[in-house]
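Step one of this worksheet: look at the structure below.
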C-alpha cells in the first residue's frame, strides 16, 4: 500500500511523456489517412430520430431494425402518405372552387365595366331624353315663378 501512495505524486519521466505524445500523433495521422469509420445503415429510408441520436453518440454503431419495427414504420409511412394525398385532393378541390367563384366574380365585374354597345346607346338616349324633359320642366317652373 505504501508503494502506490508514493507513485501517485511521482512525476512522469520525459520518456513516458514522449511515448504518449507519439501515440497521440500516430492516432491523429491514422484518422487523417483512413478517415472516420462509420457503421452500416440498413434500411436508410426507415431510419428514425432515435436512431439518428444513436448515430451522433456512437457513429460506429451498426444500427439494424427488427422485422416488427420495419413493418410498423412502413405502415406508418403509408398512412402518412395517404393522408397527405387526401389533403392535397381536398386542397385542389377548394382551390378549383375558389378559382371558379373568382372567375365568375371577375366576369360579372368585366360586364359591368365594359357593357355592350347596344346598352350604351340605349342608356345615352334615355339620359338625353330625361335631360331634355328636365330642362323643359325647369323652364316651365321658372316661368311660373316669374308669372306669379
Check your understanding: What are the residues in region 34-59 that are modelled with pLDDT under 80, exposed (fewer than 11 other Cβ atoms within 10 Å of the Cβ) and not in a helix (DSSP H, G or I), if any?
Key -> 36, 37, 40
Exercise for review: Could you please find all residues in region 62-88 being at pLDDT 90 or above and in contact with a strand residue (DSSP E or B) (Cβ under 8 Å, 6 or more places away or on another chain)?
Suggested key: none
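The values are calculated or read from the model by the stated rules, or taken from the named source; none is laboratory data. Being a predicted model, the structure only gives us computed values, none of them experimental. Virtual Cβ from ideal backbone geometry, glycine too; neighbours counted across all protein chains shown.
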